[in-house]
């Protein structure tokens, strides 16, 4: 790809921003993914111009031609990240460089143009800066959704020659709505999320579309989330619908399935591994079967299981349901290791604890 200059942002503020009073009312209990901020970022790419026309502008609907490539060939990727309100009232991001790198890995897999990491981070900074009033106090956060899709008007199976990169933001509270001490999960044995050589390690829309029928099945069985097994043997635990998974044993050691191309390389996952190893804990990245999960839970060898991701951070798993029967992990609630790691990670993310890894980035 030709080296081209990074475009400068033009900024257009919303003429009629939501009032402080109305915004405060929306932020009392924002839920997840329903309350959106005043502005958005757009940057365009074309084969002849490269990245250009970078804007921060009022949030608005976008216009697409019916023949836009994304509607037919699904070239679309995204990221999920958060901005937090720091103790001094400022705004901070958690490991945005890793989101930028993963975004480009997804782009490469989906035959899409890579976005310079510095431009990705500037886009995030610009939106957080202009909409920082939307960051909730307390344990809420500002969820950021950078995404890119093919918007060239054509019908033909080839990579698009035009793309639109965007960032929108949503004020969020808790990811899971229930007040239970742990979530329940359904083991999908009819549907798989990814296969070797596929798009499992890319954060592309198709992965999530393909998981929705299994997630609906989980809801039908009274579960909060779905757990996917590997595509080849339907034996090995891979990940939840949108989160990585960890297992904590009686000796204090931990295990998480290896990514290996079929599992998304979670930034929260990597952070948990780092923090756990700093505590002197053994963390193994090894395959773990559904039968072993059941047996270890029954014997008491397995003490805790938790899911992790940007949206939910760390969430304990208390009950596992499947067509072959149900089982409970520990006492069905959370565990000491899960709670301790969640608190440590959350304190770092929100600037309440010392950041020894240079993970936290302040938005000036």
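The values are calculated or read from the model by the stated rules, or taken from the named source; none is laboratory data. These numbers come from a predicted model, not from an experiment. As a convention, Cβ positions derive from the backbone with ideal geometry for all residues, glycine included, and neighbour counts pool all protein chains shown.
Summary of values
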read-out: Filter pass, residue 53 being part of a strand (DSSP E or B) and over 24 Å from the mean Cα position of the chain (by Cα); value: yes
read-out: Counted residues, the stretch 254-265 - those being in contact with a helix residue (DSSP H, G or I) (Cβ under 9 Å, 6 or more places away or on another chain) and over 12 Å from residue 200 (Cβ atoms); value: 2
read-out: Residue in the stretch 222-229 that is in contact (Cβ under 8 Å) with a residue 24 or more places away in the chain, in the same structural domain as residue 35 (by TED's automatic domain parsing), surrounded by 16 or more Cβ atoms within 10 Å (Cβ to Cβ) and under 21 Å from residue 32 (Cα atoms) present; value: no
read-out: Residue check for residue 112: buried (at least 16 other Cβ atoms within 10 Å of the Cβ), assigned to a strand (DSSP E or B) and in contact with a strand residue (DSSP E or B) (Cβ under 7 Å, 6 or more places away or on another chain); value: no
read-out: Matching residues in the stretch 337-364 - criterion: being buried (at least 18 other Cβ atoms within 10 Å of the Cβ), closer than 22 Å to residue 142 by Cβ and in contact with a strand residue (DSSP E or B) (Cβ under 9 Å, 6 or more places away or on another chain); value: 342, 345, 348, 349, 350, 351, 359, 360, 361, 363
read-out: Yes/no for residue 88 being over 20 Å from residue 309 (Cα atoms) and in contact with a strand residue (DSSP E or B) (Cβ under 8 Å, 6 or more places away or on another chain); value: no
read-out: The one condition in (1) surrounded by 13 or more Cβ atoms within 10 Å (Cβ to Cβ); (2) part of a helix (DSSP H, G or I); (3) over 25 Å from the mean Cα position of the chain (by Cα) that residue 22 fails to fulfil; value: (1)
read-out: Which numbered condition residue 67 misses (of (1) more than 23 Å from residue 163 (Cα to Cα); (2) surrounded by fewer than 21 Cβ atoms within 10 Å (Cβ to Cβ)); value: (1)
read-out: Any hit, the stretch 241-251, residues being assigned to a loop (DSSP other than H, G, I, E, B), at positive phi and either at pLDDT below 95 or not assigned by TED's automatic domain parsing to the domain that holds residue 165 (or both); value: no
read-out: Residue within the stretch 122-132 that is assigned by TED's automatic domain parsing to the domain that holds residue 85, in contact with a strand residue (DSSP E or B) (Cβ under 7 Å, 6 or more places away or on another chain), surrounded by fewer than 19 Cβ atoms within 10 Å (Cβ to Cβ) and touching a residue at least 60 places away in the same chain (Cβ under 8 Å) present; value: yes
read-out: Residue in the stretch 331-347 that is in contact with a helix residue (DSSP H, G or I) (Cβ under 9 Å, 6 or more places away or on another chain) and outside any helix (DSSP H, G or I) present; value: yes
read-out: Residue within the stretch 260-268 that is surrounded by fewer than 19 Cβ atoms within 10 Å (Cβ to Cβ), on the phi > 0 side of the Ramachandran plot and outside the structural domain of residue 227 (by TED's automatic domain parsing) present; value: no
